[in-house]
Amino acid sequence: AAISAFYDVSAERQARELLKRRTDTLMTLIENVPQGVILVGADMRVIACNTTLVKMLEIPSSLIESNPYVDKFVELWAADKKPDQEEMDRVRRQLLKREPFSREVVYSGRHYEMSHTPLPDGGFVRTIVDLSARKKAEEERIKQERETLHSQKLESLGVLAGGIAHDFNNLLLA
């Protein structure tokens, strides 16, 4: 006597295909956003990061592949940038609160805004925006405003001096 059992795997196959399509869509989205993006799991392993992040921070791809833990990754990447241990501890404490937060940092003379958003599984998403061009434009605007103000002051001083000279000339002629 033989016993046969059949199990319909079509629903399971459909679920796997749906999961793959959604994962592919998510990865396409992450790869095509203009910010640097890194996904970190609850175990602090780097799940994925986009090309923008790699280019922006000049990260060798071998570093990402060989050091999947975000702490080690940051430590090795930032070795020449001397990260402030107190600042790194503050970020860890903030991540433990499971609330989104942002902060500005400067690495190698460039200004970045790093935003951290917790994920339901205990991991987080970090997005990084290079603010350097914006900061430079803002500094240039402030410089131009100062120069304009200085010219206006000089112009006002010239008008005042002209008025005084005119009044003095009128006194001499009277």
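The values are calculated or read from the model by the stated rules, or taken from the named source; none is laboratory data. Everything numeric here is computed off the predicted structure, so don't read it as measured data. Cβ coordinates were reconstructed from backbone atoms using ideal geometry, including for glycine residues, and neighbour counts include every protein chain displayed. Just the protein is used for accessible areas: all its heavy atoms, side chains included, with ligands, DNA and RNA removed. Shrake-Rupley method; radii C 1.70, N 1.55, O 1.52, S 1.80 Å.
Structure above, values below:
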item	result
Hits in the range 11-66 - residues which are among the charged types (D, E, K, R) and in contact with a strand residue (DSSP E or B) (Cβ under 7 Å, 6 or more places away or on another chain)	R45
Sole exception among (1) polar (S, T, N, Q); (2) open to solvent by less than 60 Å² (accessible area, probe 1.4 Å); (3) assigned to a helix (DSSP H, G or I); (4) at pLDDT 85 or above for Q94, by number	(4)
Any hit, the range 154-164, residues being touching a strand residue (DSSP E or B) at 6+ places or on another chain (Cβ under 7 Å) and assigned to a helix (DSSP H, G or I)	no
Cross-chain or 6+ apart pairs with Cβ under 6 Å, the range 118-140 first and of a type in the set (S, T, Y) and part of a strand (DSSP E or B), then modelled with pLDDT of 85 or more and open to solvent by 40 Å² or more (accessible area, probe 1.4 Å)	T127/Q35
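Matching residues to (1) modelled with pLDDT of 80 or more; (2) open to solvent by 10 Å² or more (accessible area, probe 1.4 Å); (3) among the hydrophobic types (A, V, I, L, M, F, W, C); (4) assigned to a loop (DSSP other than H, G, I, E, B):
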position: L39; (1), (2), (3), (4): yes, yes, yes, no
position: A42; (1), (2), (3), (4): yes, yes, yes, yes
position: V54; (1), (2), (3), (4): yes, yes, yes, no
position: E58; (1), (2), (3), (4): no, yes, no, yes
position: I64; (1), (2), (3), (4): no, yes, yes, no
position: V74; (1), (2), (3), (4): no, yes, yes, no
